[in-house]
Amino acid sequence: MLSTIVAFAKPQVLQKVSIHQNDLELIFDSDYDKKAIRYFALDNPPRKVFDIPNTILSNKINKVIKTPKCNEIRVSQYRPNIVRVVIETSRPYHTRTYRPLFDSNIYCIPLPKYKSKPKPKTSKTKIHHKRAKKPKEIIKDSYIMPTKYSKDLIVIDPGHGGHDSGAIGGGKMEKNLVLQIAKRVESELKKLGYRVYLTRRSDRFLKLSQRTRVADKKDAKVFVSIHANSVPKRARNRAYGIETYFLQKTRDAKSQRIAARENAAVLKGAKTKLSKKVIIDSVLNGPKIVESNKLAIDVQRHMIYYLRQHYKGVKDGGVRPAPFYVLVGASRPSILVEVGYISHYKERRRLFSPTYQKYLAKGIAKGIDRYLKNRKKELGL
């Protein structure tokens, strides 16, 4: 058992860094976990930064790499167990890292297609003046950049509304919270070039049929329902975190409990027997479930990424399957996001903060964008 722990803790070695066919190739001595690599972008000058955990540098690596496509590429042992790769360019560019199909020890970072132009020299006085005037930006994630205008439509469903307040905590109502977040998601998606349809823009209740079929009627690419979680008083200090659900049967007690609470509200006035038949048929629809799962993973990952850049203690509740009736009707990828627990004092305060909502909405929008771009690449579009 001790030998297993030691083997697991042993760092991998970054053996070689080179440029091949306009890609920066990082070659490790063993397989690496791509998801563990942390990526962010910085401005002035534009830099893409990759932090690779549990890794040490080989002594043979050239730590400064020159190429006409970049101002400079730097590789360093940033911390005892973290290798940092910095790609400095003359202007921001879009890149999508990948791992070659049969080389699980190689990490590829595409470089710009254009030649880098050095920035004009500026006097120290002017630089000081600009820095004093413009506030420093902590981290700006630019690895998903809006390209040309997209005609793709996204349907966002703010849960509850009207007489159905949803969960209540500290005098705050779920129906108001999710509408605020949905409008922010709409704004972020429009920045990325998408058309957006909200199932409700005011405090009104929608029947199940009004929510579930709108994505098909509008020919939307995806359907995202936004909710907030809650637990009984005895568990309020323990339960918190962000979770994303996709439609599928499950034996998980927690997922069943949350689905039952949400379903109780949305099924008012619906033909329950018919709804149960529809949900069974929908669960058996394999392709939709697979794509919904992928969408849920991208959205969950991006929400956590953006929030953790600015807030401590953000809990990743993960991606879970659950039988949510609101996801049944749309015959396209559909997910339900539980943005946090309105019953938890600290998380409730954050959820009603405009700044927290901004990063949460940005994560949802960027996750949707990433999923759709991956999907188009899979289909060769």
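I need Val64, Val290 ordered by Cβ neighbour count within 10 Å, fewest first.
Val64, Val290
Can you sort Lys358, Lys60, Lys288 by how many other beta carbons sit within 10 Å, fewest first?
Ascending Cβ contact count within 10 Å gives the list Lys60, Lys358, Lys288.
Fewest to most neighbouring Cβ within 10 Å: what's the order for Glu186, Glu88, Glu174?
Least to most surrounded, the residues fall as Glu88, Glu186, Glu174.
Just to be sure I understand the model, the point goes 7 Å from the Cα along the line to the Cβ. What's the resulting Gln77 to Lys190 distance in nm?
5.2 nm
Each value in this text was obtained by applying a stated rule to the coordinates, not by laboratory testing. Because the structure is predicted, anything quoted here is derived from the model rather than measured. For neighbour counting, all protein chains shown are included, and Cβ atoms are generated from backbone atoms with ideal geometry for every residue, glycine included.
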